[in-house]
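The structure appears below as structure tokens.
The values are calculated or read from the model by the stated rules, or taken from the named source; none is laboratory data. Please read all numbers here as calculations on a predicted model, not as lab measurements. In this analysis, Cβ positions are derived from the backbone assuming ideal geometry, glycine residues included, and neighbour counts consider all displayed protein chains. The area values use the complete protein model at the heavy-atom level, side chains included, leaving out ligands, DNA and RNA. Shrake-Rupley method; radii C 1.70, N 1.55, O 1.52, S 1.80 Å.
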Amino acid sequence: MSLEPDDIAANLAAVRARIAAAVVRRGPGREPILIGVGKKQPAEAVIAARRAGLGDFGENYAQELVAKAEAVAAAVVPPRWHFIGPLQTNKVRKVVGVGALVHTVDRPALVDELAREVARLRAGRGATAPLELLVEVNVGDEAQKAGVAAAELPALLDLVAARPELRCVGLMAIPPEGEPEQTRPYFARLRELARREAAVARPGVELVHLSMGMSSDFEVAIEEGATMVRVGTAIFGPRPPRA
Ligand SMILES: *Cc1c(COP(=O)(O)O)cnc(C)c1O
């Protein structure tokens with residue numbers, strides 16, 4: 001059961017208030033972008049949040065993104081979409097087709113496929129702006145976790161810089177699970193990696209965004225410099241077991 005529109009609107013207001021308080025604690029900086037993560041929630045839940053004023057939404061599965069983007073566009077002014085799940089190269093076309101900002105670029109094959117897709121679009125309809133993306137970093141050095149290893153980050157950014165079709169606008173991370181305060185050092189680590197790599201001149205790489213923080217820890221993430229927080233359950237309630 002997904003929440004009623006009024007409950008979603010009330011949750012959204014509460015999350016916004018918590019974000020504002022965290023911004024005060026953090027001090028000057030970019031206003032964080034709140035991304036409502038609607039994975040496994042019905043399109044109606046996303047539409048309710050859109051009607052309540054939310055402009056950014058994230059999805060984890062390419063097929064679900066495409067279906068939901070269509071259903072949402074039929075009901076309200078389309079939001080900006082973010083793709084925050086593991087991305088297989090054979091799903092790149094779908095995700096780029098929706099215009100989603102991909103947060104989870106973590107390997108050379110994916111960089112190549114994204115550049116190829118943009119080149120293909122350019123050949124078809126002429127000028128296409130460079131595709132913006134974020135690189136996901138495995139900040140906890142966890143085996144089996146998505147994200148490029150911190151040691152491989154410079155090489156992956158070099159690869160993006162070599163592709164005029166692409167523009168890297170920031171880094172993203174999903175820290176190891178833990179209490180909010182336990183995630184703080186991982187958020188700080190992502191910020192430091194971005195600061196270090198921003199000092200390297202690379203065309204097409206401008207690390208202005210840090211996508212970090214979820215329902216359980218978005219305030220800590222903002223205190224550590226998040227410019228994009230990805231919040232699901234705190235807005236939409238618990239996810240149903242099945243899509
Ligand atoms: C599901 C998900 C979120 C949102 O998680 P909540 O705990 O529901 O806020 C954020 N980021 C990613 C990458 C996710 O997969």
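Among the residues of region 52-67, those identified as more than 14 Å from the ligand (Cβ to nearest atom) and in contact with a helix residue (DSSP H, G or I) (Cβ under 7 Å, 6 or more places away or on another chain) are ALA52, VAL66.
Listed here are the residues, each with its yes/no results for (1) open to solvent by 70 Å² or more (accessible area, probe 1.4 Å); (2) in a loop (DSSP other than H, G, I, E, B).
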| site | (1), (2) |
| --- | --- |
| THR128 | no, yes |
| LEU159 | no, no |
| PRO164 | yes, yes |
| LEU171 | no, no |
| PRO175 | no, yes |
| THR183 | no, no |
| PHE187 | no, no |
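Checking the structure you have, find out if any residue of region 110-117 is in contact (Cβ under 8 Å) with a residue 60 or more places away in the chain and aliphatic (A, V, I, L, M). Within region 110-117, not a single residue is in contact (Cβ under 8 Å) with a residue 60 or more places away in the chain and aliphatic (A, V, I, L, M).
When only residues in region 189-229 that are open to solvent by less than 30 Å² (accessible area, probe 1.4 Å), assigned to a helix (DSSP H, G or I) and farther than 21 Å from GLY55 by Cβ count, which is farthest from the ligand (Cβ to nearest atom)? Within region 189-229, the match that is farthest from the ligand (Cβ to nearest atom) is GLU197.
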